[in-house]
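Read the structure below first, then the notes.
The values are calculated or read from the model by the stated rules, or taken from the named source; none is laboratory data. Every value quoted in this text rests on a predicted model; they were computed, and no experiment measured them. Cβ placement follows ideal geometry from the backbone for every residue including glycine, while neighbour counts extend to all protein chains displayed. Note: areas computed on protein heavy atoms with side chains; ligands, DNA, RNA excluded. Shrake-Rupley method; radii C 1.70, N 1.55, O 1.52, S 1.80 Å.
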Amino acid sequence: MYIGLDLGTSGLKGILIDENQTILAEAVAPLTVQRPHDGWSEQLPADWIAAAEAVLDKLALFGLSAVKGIGISGHMHGATVLNSADEVLRPCILWNDTRSHHEAAELDGDPMFRRLTGNIVFPGFTAPKLLWLRLHEPRVWEQIAKVLLPKDYLRLWLTGDYVAEMSDAAGTSWLDTGKRDWSDDCLQATGLTRAQMPRLVEGAEVSGQLRDVLAERWRLPKSVIVAGGGGDNAAAAVGVGVVRAGEALVSLGTSGVLFAANDRYQPAAETAVHSFCHAVPNTWHQMGVILSATDALNWYGNFVGQEAQMLTQELGVLKAPTKTAFLPYLGGERTPLNSALVRGAFVGLEHATDRAGGTRAVLEGVTYALLDCKNALAATGTKLDSLIAVGGGANSTYWLSAIATALDIAVKVPEQGDFGAAYGAARLAIMADTGQGSEIATEPPISAVIEPVYELTQAYAAGYDRFRAAQSVILTL
């Protein structure tokens, strides 16, 4: 048996699978985000450990004595800083925190970063957060002995070792993404050294062994290995079998991601597309990333006093887009705008705009933002041959139908079950334990294929034109 743990922004998921990759048990523990100031987003690493303990307590009810490996995934880019005693110096600064936009612009102004990392230095990435700490929290800065990504702090608790893997490390602005190694030059430019970084492994390699005290607590064998794992999106791609060129996924979680696997490294930083290492060896991936997907729908639900799930259930079959354009930039945007300061808006509201119309406008706005991402990927030469949907938003057939129609590609929906990042992490544990490769990362059983509604293609194209027009206005404010 194998365990997959996925440290998400809103909760930690755990699954237990057997050697045939059949899910035997699942568990979730909730997490909260603290936003003490505008543009800030933080979590307490101690809460991650408490959530992991709660999840393992639940999984242990099914018996863990046959577990051979654990894989981990987690939200990327977070800055978890430790002193020489492994004490956390401050709350982790998360991926959707934009306070370091000035520092990001400073680093991105040095051509070396795009050349070596293959990416724009976004405010959400890890390196500019460390520059912000050096300037605004010098007492914290002076004590930093290690900088860990969120899931790798969880790994430290599991194994007692400092280790990162390629897919997550590629989102720090410190990794030479083509060479799959830390860049000493990029580290030096932010006042850090390789000694403050964890060692690197591939996601399908062994990163360490479970500490005896934890094995005893949950009655696991003492020989349990912990795999390198992956950043949440790369692990989710492994979970749904997106590991070969042409395969893609759309993730409708708190953020939105259009993810495409690549068999070679093909960076194009100017497009604001992320070019990262994949969680499997000798493979890379590209992502168009938007910061608010289900987050935008949840925001609207709070605004009108209705649960997001209820809002989508009342929509029926796909309709032509509303006249109202929604810009989903509630906390800045990555692809393609690369702006921490841009904010969202409704444009074209009228007397006829009711609650359902507002819901449709929100779904359409996120859909058009994903179309922006598809166009950015196409500008790098990446083609999408197949698309599979994951994340909480994938439960909305209406939303998936809008995406299929706007992006002009059929959207596959996995059968009910968690085939996302936790499942991918468990698959990476199998690879690390057995030496098998990405061939075991097959597509899950598909319950439905959502085809484009071709009679609405022109209407969605016109809606996208309205979206882009509203976008151009917002960008001038």
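Before moving on, here are some points about what is shown:
- Rolling a 1.4 Å probe across the protein heavy atoms gives segment 89-201 an accessible surface of 33 Å² per residue.
- Rounded Å value of the spacing that divides the Cα centres of segment 325-348 and segment 1-54: 28
- Among the protein heavy atoms, those of residue 70 account for about 0 Å² of accessible surface (1.4 Å probe, every chain in place).
- Total charge dipole magnitude, segment 330-401, about the Cα centre, Cβ charges on Lys, Arg, Asp, Glu only, Debye to nearest 20: 140
- Rounded percent of accessible protein surface that carbon and sulfur make up, segment 13-101, 1.4 Å probe: 53
- The solvent-accessible area of residue 58, taken with every protein chain present and a 1.4 Å probe, is close to 90 Å².
- Which of 260, 138, 167, positive extreme of dipole for the chain (C-beta unit charges): 138
- Bins of 10 Å from zero: percent of alpha-carbon pairs in segment 106-201: 16, 51, 30, 3
- Computed over the chain, the Cα gyration tensor eigenvalues convert (square root of 5λ each) into semi-axes of 34, 26, 21 Å, ordered from largest to smallest.
- Using the Stokes-Einstein relation with a Kirkwood hydrodynamic radius computed over Cα pairs, the translational diffusion coefficient of segment 269-334 at 10 °C and a viscosity of 1.306 mPa s comes to 106 µm²/s.
- Only protein heavy atoms count here; on that basis, with a 1.4 Å probe, residue 440 has an accessible area of about 20 Å².
- Helical segments meeting 24 Å axial Cα length and Kyte-Doolittle -1.0 threshold in the chain (DSSP H): 355-379, 457-476
- Ligands, DNA and RNA left out, the accessible area of segment 280-351 computed with a 1.4 Å probe is 53% carbon and sulfur.
- Three semi-axes of the equivalent ellipsoid, segment 340-449, Cα gyration tensor, whole Å, largest first: 33, 17, 14
- Take segment 320-477 with all the other protein chains still there, run a 1.4 Å probe, and you get 40 Å² of accessible area per residue.
- The stretch between residue 185 and residue 454 holds 91.8 nm of extra length on full extension. This uses 0.36 nm per residue minus the Cα-Cα distance.
- Contour minus Cα-Cα distance for residue 323 and residue 140 (0.36 nm per residue): 60.9 nm
- Note on the chain: lysine pairs with Cα distance below 16 Å, sequence gap of 8 or more or different chains, count 5.
- Maximal additional length on extending the residue 85-residue 223 stretch stands at 47.0 nm, based on 0.36 nm per residue less the C-alpha distance.
- For segment 1-100, the list of chymotrypsin sites (Phe, Trp or Tyr not before Pro) that fall in a loop by DSSP and count at most 14 other C-beta atoms within 10 angstrom reads 62.
- Surface/4 estimate of mean projected area, convex hull on alpha-carbon atoms of segment 1-158, nm²: 10.7
- Per residue, the solvent-accessible area of segment 223-267 (1.4 Å probe, heavy atoms of protein chains only, all protein chains present) comes to 21 Å².
- When +1 charges are put on Lys and Arg Cβ atoms and -1 charges on Asp and Glu Cβ atoms, the dipole computed for the chain relative to its Cα centre reaches about 320 debye.
- Rg/Rh for segment 320-369 (Cα atoms only, Rh after Kirkwood) is 1.01.
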